[in-house]
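Structure first, commentary second.
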Amino acid sequence: IPEEKRRRLQFYSATPKLNSEGSAALLLAAATADSRGYFGERRTEAGSRWSKLSVLQAAQPAWAATSITPVPTGHAWDVNWDKRDPSTLSNGKKKGSTTEDPRSEQDNGKPKATRNILLIRHSQYNLSGSSDKEHILTPLGREQAELTGHRLSSLGLKYDVLIHSSMTRATETAHIISKHLPGVELLSCDLLQEGAPIEPVPPVTHWKPDAVQYHEDGARIEAAFRRYIHRADPKQKEDSYEIIVCHANVIRYFVCRALQFPPEGWLRMGLHNGSITWLTIRPSGRVALRTLGDAGFMPPDKLTRT
Ligand SMILES: *[C@@H]1O[C@H](CO)[C@@H](O)[C@H](O)[C@H]1NC(C)=O
Ligand SMILES: *[C@@H]1O[C@H](CO)[C@@H](O)[C@H](O)[C@H]1NC(C)=O
């Protein structure tokens, strides 16, 4: 075996052995490869430091001492999370009351369509002012809404409806988006207003709503979740695309609930203004998060991060 190839084999053969012995072998292989100039002869100081670091860090004995296999939490997927599982519905009164409808026999009460829910965070607004009415979009916020509207339009999906929270900033954002989606019905909903869905874990110091706020908002935002996030009705024939313009807390809570992740983890996620979060709900009730807070369509100078 030529020297060069032998070195390469030596390096790679050690790489996958990520157990306690393997980490020592990997460390050795990395050091050997490096001393022989394996990572290239003429590197800058920084380049050398980083390439060494990434390999050596991955081979830390302390890291390898603990199991590298994540421990399953044991939480099962609740197939009837939205209470629309056909097997549970057909045993109920609902079926009996529709037996005179000949279509229900064919339909067999099973959902056939996929629902796509595109959750949009409102764009930037003026934080000065105490009432919701004063919280109007900034000029940048209006630009962001135009960009989001343009993006949604250029995705070329057949949108069914554009629902928005009744708060000023969401209403304004939705109206700007609406200009890009002619013919799509626009609806306002109070349930989608911003609020405190559930006490976040871990807690944060800069944001401490009163217990009563969680008590009231939590129930309302959960009600919004139940109204909007569920599998398709059996009567729905075609896949649907619904846009909901609302708020960061509401969207993050929806995502946790839809994926059956602990809802108190909602504050571990961050969403850009005007970003798109896309949930897909299959007829079986399976849920997929297609994108979370996508704002890649916005030029960097239009992103708000403070
Ligand atoms: C926000 O509103 C205040 C007055 O209500 C105004 O002075 C300020 O310039 C506004 N800021 C932005 C970014 O629009
Ligand atoms: C979005 O804009 C609001 C003000 O309108 C601001 O408080 C918030 O931090 C912004 N979000 C991001 C992710 O930049």
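Classify region 105-302 from the C-alpha gyration tensor, please: rounded if a/c falls under 1.5, else prolate or oblate depending on whether a/b exceeds b/c.
oblate
Need one number: nm distance between label points at His150 and Lys237, each 7 Å from Cα along Cα→Cβ, rounded to one decimal.
3.7
For a footprinting-style exposure proxy, rank Val245, Val250, Val287, Val79 by other Cβ within 10 Å, fewest first.
Lowest to highest Cβ neighbour count: Val79, Val287, Val250, Val245.
Based on the Cβ-Cβ distance from Ser131 to Val161, what FRET efficiency comes out when R0 is 45 Å, to the nearest 0.05?
0.95
Treating only the Cα positions of region 138-228 as identical point scatterers, give the base-10 log of I(q)/I(0) from the Debye formula at each q in 0.10, 0.13, 0.22 Å⁻¹.
Each listed q maps to, in turn, -0.36, -0.57, -1.05.
What distance in nm lies between label points placed 7 Å from Cα along the C-beta direction at Thr291 and Val71?
Simple spin-label model gives 3.8 nm for this pair.
Hey, what do the phi angles of region 251-266 turn into as Karplus ³J(HN,Hα) couplings, whole Hz, using 6.51/-1.76/1.60 and θ = phi - 60°, x for Gly and Pro?
5, 5, 5, 4, 4, 4, 5, 5, 8, 6, 8, x, x, 5, x, 4
Give the order of Leu259, Leu267 when sorted by the count of other beta carbons within 10 angstrom, beginning with the fewest.
Leu259, Leu267
Below 10 angstrom from the Cβ of Leu271, what's the summed charge of the other residues (Lys, Arg +1; Asp, Glu -1)?
Numbers: positive: Arg121, Arg252; negative: Asp294.
Here the count lands on +1.
Collect residues whose amide H, placed 1.01 Å from N in the peptide plane, falls under 5 Å from the amide H of His164; neighbours closer than 5 in sequence don't count.
Result for His164 returns Leu187, Ser188, Cys189, Val245.
How would you rank Leu127, Leu147, Leu187, going from fewest to most other Cβ atoms within 10 Å of each one's own Cβ?
The most exposed by this proxy come first: Leu127, Leu187, Leu147.
With θ taken as phi - 60° and the coefficients 6.51, -1.76 and 1.60, list the Karplus ³J(HN,Hα) couplings across region 126-132 in order, rounded to whole Hz; mark glycine and proline as x.
Coupling constants for region 126-132: 7, 7, 6, x, 9, 9, 4 Hz.
For Arg290, list long-range residues whose amide hydrogen, built 1.01 Å from N in the peptide plane, is under 5 Å from its own amide hydrogen.
Long-range HN contacts for Arg290: Trp278, Leu279, Thr280.
Out of residues 5 or more away from Ser275 or on other chains, whose amide H comes under 5 Å of its own, with H placed 1.01 Å from N in the peptide plane?
Counting only residues 5 or more places away or on other chains, the set is Arg121.
Residue-wise, which Karplus ³J(HN,Hα) couplings in Hz belong to region 207-221, taking 6.51 cos²θ - 1.76 cosθ + 1.60, θ = phi - 60°, and x for glycine or proline?
Couplings: 9, 9, x, 6, 4, 5, 5, 4, 4, 7, 5, x, 5, 5, 5 Hz.
Readers should treat all values here as calculations from the given coordinates under stated rules, not as data from a laboratory. What you are looking at is a predicted structure, and each value in this text was computed from that prediction instead of being measured. Neighbour counts are summed over all protein chains in view; Cβ atoms, including those assigned to glycine, are modelled from backbone coordinates with ideal geometry.
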